[in-house]
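Bear in mind these aren't lab numbers, they're just calculated from the coordinates by the rules spelled out. Keep in mind it's a predicted model, so treat the numbers as computed, not measured. Cβ placement follows ideal geometry from the backbone for every residue including glycine, while neighbour counts extend to all protein chains displayed.
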Amino acid sequence: MNSYQVDSEGFYGEFGGAYVPEILYKCVHDLQGAYRGIIESAEFKNEYHALLRDYVGRPSPLYHAQRMSETYGCRLYLKREDLNHTGAHKINNTIGQILLARRMGKTRIIAETGAGQHGVATATVCALMGMQCEVFMGATDVERQHTNVERMRMLGATVHPVRTGNMTLSDACSEAIRDWCCHPADTFYIVGSTMGPHPYPDLVARMQSVISEEIKWQLQEKVGRDYPDYLIACIGGGSNAAGTIYHYMDDERVHIVLAEAGGHGWDTDHTAATMHRGTVGILHGAKMLVMQDDDGQIQEAFTISAGLDYPGVGPMHCNMAVKGRTKVLSINDDEAIRGGYELTRMEGIIPAIESAHAIAALSKLTFKADDVVVLTVSGRGDKDVETYLANKQMAGDYGNF
Ligand SMILES: *Cc1c(COP(=O)(O)O)cnc(C)c1O
């Protein structure tokens with residue numbers, strides 16, 4: 001049997017690993033040694049699942065989208081991560097990592113954030129556990145995402161605007177790593193996606209795997225078999241996608257389709273379509289596909305969606321894509337806007353602009369009438385209403401209001 005799981009050295013095929021500065025070596029090594037034992041213990045699982053149920057509101061529903069099913073000629077089910085506490089899948093991961101941090105005796109939490117969604121999810125669990133929280137965020141993003149900054153501050157976190165580079169997510173990651181180097185003993189870095197040095201990609205994938213664990217029994221109840229014909233998710237760093245596919249990675253009956261952010265088009269200078277455009281490089285502690293120039297300088301990512309705005313993509317997904325296990329589509333800004341409006345008008349669900357990329361993938365696929373398609377709505381669109389309104393001319397008929 002194929003396995004797309006991480007190997008004992010922290011690699012997914014040629015991708016992954018742990019490329020960290022000497023000073024972090026012990027810290028990362030301790031985490032590598034400890035994480036599996038802790039997260040597989042009955043005590044951890046009980047606490048984690050109790051919080052997912054009573055605090056996050058899981059299981060998230062698997063909803064049969066009837067009108068959209070008719071439009072696309074398939075049986076479409078939406079995995080509703082948008083209904084979680086704080087409005088997206090990110091909380092599944094931050095709950096798990098803070099429980100791990102506590103068991104490892106750490107007292108100070110740091111995190112990076114782009115749009116602010118992971119920062120809010122981290123500040124939320126720090127408030128829940130009464131722990132100190134420091135969030136690194138590019139100064140450009142601090143201005144663009146002011147509401148999330150205020151939410152983090154209200155939750156008790158300190159937000160550090162980062163003024164290096166383009167002052168966006170990639171720079172915030174570098175700054176978080178720098179801070180970690182200064183406080184390796186007491187600090188736990190809560191990474192927000194399937195990124196970073198081993199074991200983070202595997203740790204985050206396992207924390208998000210509750211999504212596909214639920215899809216299995218929910219499909220069994222609703223369609224009488226525990227696997228779909230298609231799984232569809234949007235992909236930035238890769239965490240909601242990893243959670244969606246986790247229990248189906250080696251099940252070749254299941255087609256996997258991932259939607260990355262094309263921006264103005266994957267073949268333009270304004271794109272975040274890392275798997276279309278990237279080449280092998282090392283970024284933020286791991287080997288992955290990275291958008292870089294001939295000298296290895298990281299290129300800025302561009303997309304209408306702040307949550308997909310990253311020039312790299314997690315190693316697990318790089319490996320599956322280059323081996324042909326996943327089909328990766330590049331969805332442009334206008335297609336995503338239209339997808340977001342379509343779900344809004346057809347099903348009464350305003351999706352996050354990130355999730356709207358997954359919706360837009362539907363029109364690029366051909367289904368058979370009895371195909372079971374599960375699409376993860378990674379988050380809710382309240383944060384994106386202004387973006388949707390400012391771009392309604394991209395939404396075709398749906399934009400005429
Ligand atoms: C952060 C975010 C994403 C992208 O991150 P992944 O790690 O690729 O899942 C997608 N959707 C929403 C709603 C987000 O907040």
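Each peptide in 74-81, 245-252 receives the mean, over its residues, of other Cβ atoms within 10 Å, and ordering these scores from highest gives 74-81, 245-252. This model, with +1 at the C-beta of Lys and Arg and -1 at the C-beta of Asp and Glu, gives segment 259-401 a dipole about its Cα centre of some 540 debye. Its Cα centre serving as origin, the chain has a Cβ charge dipole (Lys and Arg +1, Asp and Glu -1) of approximately 940 debye. Placing a label point 7 Å from the Cα of Thr164 along the Cα-to-Cβ direction, the residues of segment 171-205 with a backbone N closer than 17 Å are 171-184, 196-197.
Between Ala157, Gly314, Met137, the Cα set farthest toward the positive side of the dipole of the chain (charges on each charged residue's Cβ, about the Cα centre) is that of Ala157.
Modelled spin labels at Lys26 and Val322, positioned 7 Å past Cα toward Cβ, are 3.4 nm from each other. If you take the Cα centroid of segment 40-56 and the Cα centroid of segment 378-395, the two points sit 34 Å apart.
Packing order of peptides 119-128, 361-370, highest average first: 119-128, 361-370 (average count of other Cβ atoms within 10 Å over each peptide's residues).
With R₀ set to 35 Å, the beta-carbon distance separating Arg102 from Asn2 gives a calculated FRET efficiency near 0.45. Here the label points at Leu128 and Glu14, each 7 Å from Cα along the C-beta direction, are separated by 4.0 nm in the simple model. Length gained on full extension, Asp269 to Tyr72: 67.7 nm, using 0.36 nm per residue less the C-alpha separation. Of all DSSP bridge pairs formed entirely within the chain, close to 30 percent run antiparallel. Taking every DSSP bridge with both residues inside segment 246-378, close to 55 percent are antiparallel. Placing unit charges on the Cβ atoms of the charged side chains and taking the dipole of segment 11-72 about its Cα centre, the candidate lying farthest along the positive direction among Gln66, His49, Ala34 is Gln66.
Applying a 4.7 Å cutoff between beta carbons, the unpaired cysteines of the chain are Cys27, Cys74, Cys173, Cys181, Cys182, Cys234, Cys318.
Would segment 134-240 count as rounded, prolate or oblate if I go by the C-alpha gyration tensor, calling it rounded below 1.5 in a/c and otherwise prolate when a/b exceeds b/c, oblate otherwise? Cα axes put segment 134-240 in the prolate bin.
Computed 3J(HN,Hα) for segment 84-101, one whole-Hz value per residue from the Karplus formula 6.51 cos²θ - 1.76 cosθ + 1.60 where θ = phi - 60°, is 5, 3, 6, x, 6, 6, 4, 5, 4, 6, 5, 4, x, 5, 6, 5, 5, 4, glycine and proline marked x.
When the Cα gyration tensor is reduced to axis lengths a ≥ b ≥ c, the ratio a/c stays below 1.5 for the chain, which is therefore classed as rounded. FRET efficiency for the Val280 to Ala42 pair, using the beta carbon distance and R₀ = 60 Å, is estimated at 0.90.
Close amide H partners of His255, meaning residues 5 or more places away or on another chain with modelled amide H under 5 Å apart, are Tyr230, Leu231. What FRET efficiency, computed as 1/(1 + (r/R0)^6) with R0 = 41 Å and r the Cβ-Cβ distance, is obtained for Asp295 and Ala369, rounded to the nearest 0.05? E(calc), rounded to 0.05, equals 0.20.
Available extension along the chain between Arg225 and Glu386 is 53.9 nm, counting 0.36 nm per residue and deducting the alpha carbon span. Footprinting exposure proxy ranking of Val372, Val322, fewest other C-beta atoms within 10 angstrom first, gives Val322, Val372. For Val159, the amide hydrogen comes within under 5 Å of the amide hydrogens of Val135, counting only partners 5 or more places away or on other chains and with H modelled in the peptide plane. Dividing the mean sequence gap of close Cα pairs (under 8 Å, 6+ apart) by how many residues segment 1-114 holds gives a relative contact order of 18 percent. The spacing between segment 1-26 and segment 76-129, judged by their C-alpha centroids, is 23 Å.
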